[in-house]
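**Student:** Okay, handing you the structure first.
The values are calculated or read from the model by the stated rules, or taken from the named source; none is laboratory data. The model shown is predicted, which means the values in this text are computed figures rather than measured ones. Cβ sites come from the backbone with ideal geometry, for glycine too, and all protein chains shown count toward neighbours.
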């Protein structure tokens, strides 16, 4: 994945397994923080992130026409920031990635799925707030 340095704007290639880690910009050597925003992924990126992440991965299955999905988006962004370094938050557009939605039996959206070590451990449909999203990730 390509991450942009917040200090100098340089593009940094960061392996998916290190997206939740703090790093260092290759150009200016300033700290490159852990990913703190939702990452929109396609099928291949989804599989790579879920399988290689060393932290839990919270997936938001959504669609642009879905009103509740639009209401959930700010909460998902807050969760990505709150969980930075402890979890990754990715978004899957079910209109563009229908095969992923079908594979995980997404019948209503928004739909949230939690993966640990590449395995689906929890899935919940419906609108969730920041507290509920955080609880979904930190609960055993």
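**Student:** Please enumerate the residues belonging to region 112-136 that are closer than 14 Å to residue 57 by Cα and either assigned to a loop (DSSP other than H, G, I, E, B) or out of contact with any helix residue (DSSP H, G or I) (no Cβ under 8 Å at 6 or more places or on another chain) (or both).
**Tutor:** 113, 116, 117, 118, 119, 120, 121, 123, 135, 136
**Student:** Then there's this: Would it be correct to say that residue 37 is touching a helix residue (DSSP H, G or I) at 6+ places or on another chain (Cβ under 6 Å) and free of Cβ contacts under 8 Å to residues at least 40 places away in the same chain?
**Tutor:** no
**Student:** Suppose we filter 49, 76 for residues that are closer than 21 Å to residue 18 by Cβ and either surrounded by 13 or more Cβ atoms within 10 Å (Cβ to Cβ) or touching a helix residue (DSSP H, G or I) at 6+ places or on another chain (Cβ under 8 Å) (or both); which single one remains?
**Tutor:** Just a single option satisfies the conditions, and that option is 49.
**Student:** Output the number of the condition that residue 70 fails; it satisfies all remaining conditions of (1) touching a strand residue (DSSP E or B) at 6+ places or on another chain (Cβ under 9 Å); (2) in contact (Cβ under 8 Å) with a residue 12 or more places away in the chain; (3) surrounded by fewer than 20 Cβ atoms within 10 Å (Cβ to Cβ).
**Tutor:** Evaluating residue 70 over (1) touching a strand residue (DSSP E or B) at 6+ places or on another chain (Cβ under 9 Å); (2) in contact (Cβ under 8 Å) with a residue 12 or more places away in the chain; (3) surrounded by fewer than 20 Cβ atoms within 10 Å (Cβ to Cβ) leaves (2) as the failure.
**Student:** Same structure again: Name the residue that is farthest from residue 98 (Cα to Cα), counting only residues in region 17-33 that are surrounded by 19 or more Cβ atoms within 10 Å (Cβ to Cβ) and in contact (Cβ under 8 Å) with a residue 24 or more places away in the chain.
**Tutor:** Only one residue tops the list, namely 32.
**Student:** While we're looking at this one, here's another question. Take region 52-67 and flag every residue that is touching a strand residue (DSSP E or B) at 6+ places or on another chain (Cβ under 9 Å) and surrounded by fewer than 16 Cβ atoms within 10 Å (Cβ to Cβ).
**Tutor:** Of everything in region 52-67, just one residue is touching a strand residue (DSSP E or B) at 6+ places or on another chain (Cβ under 9 Å) and surrounded by fewer than 16 Cβ atoms within 10 Å (Cβ to Cβ), namely 64.
**Student:** Right, another one. Please list, ordered by residue number, the strands (runs of 3 or more DSSP E) wholly in region 1-98 having 1 or more residues that are on the phi < 0 side of the Ramachandran plot and modelled with pLDDT of 95 or more. Reasoning before the result, please.
**Tutor:** Details: elements: 2-4, 11-13, 57-62, 88-93.
By residue number, 11-13, 57-62, 88-93.
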